[in-house]
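Participant: Structure incoming, see below.
The values are calculated or read from the model by the stated rules, or taken from the named source; none is laboratory data. What you see is a predicted model; the values in this text were computed from it and never measured. Note that each Cβ is placed from the backbone with ideal geometry, even for glycine, and that neighbours are counted across all protein chains shown.
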Amino acid sequence: MMIKLATKIGFCTSLSTPIVLVLTSMTAFAAINNCPVTTGSVNRTFTGGPAYTGVTIPGSTTGTPLPNSLSGVNAASGCTAIDLSFSNFALTSSGTNENTPPSLAGTYLSVAPTGTTQTGPETLLFATLQGTGLGLDNATNDGTDNYKVNNGETFTTTQSYAVTDSMGTGIFAVLLTVNDITIATGGSGSVTIDTCLKGTGSTQPTGNVTTQAQCNAAVSGVGVFQSSSITLAQLAAQTASISFSPHPTYIDVTQVITLTGGAGTNETGFLTFSDLFDETPEPSTFVLLGAALAVVAALRFRKRKQS
């Protein structure tokens, strides 16, 4: 819209300054992007369930721990993607599942968009399977899906991280999406997203926070706790969201995943889940845009008066 405006009024060089200011403010989001961004795709079939083809997952890399495993990211004290920083990754698992229970080293991360300029909301994609490599699980590119259970198996995984808006513009909402789900007869599953904000407390919350009481304790005061859940069904994707008002610049995000096996050898589980952060526009953008439009109106009025 602003580019069209600049084109229409390009005949008047006196308008270039405010328009340039507006466009400059829009590109102010440009920043370092050192979070894992490489992704690949795999084909997977659940026993007794549908086949999923071309599933986007964190891609193949090397090293121990893998650079795009949560332990690899955490080892570098988090990472920054455009104007959002992610840190304090934590994960605990209990119970049994068909493969190895999820761990920091065995859960992989990729971030989109992949450029260094803000072009849309930022999405974190999580998976316990990575690439098509061979080997044992735990920081190895083996393609094994650990978000999966069979008959008699039940496990719960709780993982968390902190997200910080370095531009100070605030986060409007977070959207949780669970992808490529299969539920066996008699099986069940759920994914919950919990968020904790500082509120009246004196410290920023970190770690696995799944109740209002834990949120209060984490901030040493009264925290702002919100929660949204998905009861898993046989679908390609399911979503849940949380909106924030006022728009925070720091959030502790916790996901709780619970899967229970069904009858026989059929499997229950999913392949990936993602968190998408929607940010509010930068206030200065609107101030500068308003100033530019006011100048445009004044100059057009003066030109009409002169003619």
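Participant: Where in the stretch 24-81 are there strands (runs of 3 or more DSSP E), lying wholly inside it, with at least 1 residues that are touching a helix residue (DSSP H, G or I) at 6+ places or on another chain (Cβ under 6 Å) and at pLDDT 85 or above?
Facilitator: Numbers: elements: 39-45, 51-58, 79-81.
Filter on the stretch 24-81 gives 79-81.
Participant: Let me ask you something else. Taking the stretch 89-105 as the region of interest, how many residues are within 18 Å of Asn151 (Cα to Cα), surrounded by 18 or more Cβ atoms within 10 Å (Cβ to Cβ) and out of contact with any Ser or Thr (no Cβ under 6 Å at 6 or more places or on another chain)?
Facilitator: Residues meeting the conditions: 2.
Participant: Here's a follow-up. Quick one: which strands (runs of 3 or more DSSP E) lie wholly within the stretch 219-277 and hold at least 3 residues that are over 27 Å from Gly187 (Cβ atoms)?
Facilitator: Working: elements: 224-231, 237-243, 250-260.
Per the criteria, 224-231, 250-260.
Participant: Among the residues of the stretch 164-180, are any surrounded by fewer than 19 Cβ atoms within 10 Å (Cβ to Cβ), touching a His at 6+ places or on another chain (Cβ under 7 Å) and not acidic (Asp, Glu)?
Facilitator: Checking the stretch 164-180: at least one residue is surrounded by fewer than 19 Cβ atoms within 10 Å (Cβ to Cβ), touching a His at 6+ places or on another chain (Cβ under 7 Å) and not acidic (Asp, Glu).
Participant: In the stretch 250-307, what count of residues is obtained for those that are under 25 Å from the mean Cα position of the chain (by Cα) and at pLDDT 55 or above?
Facilitator: So the answer is 24.
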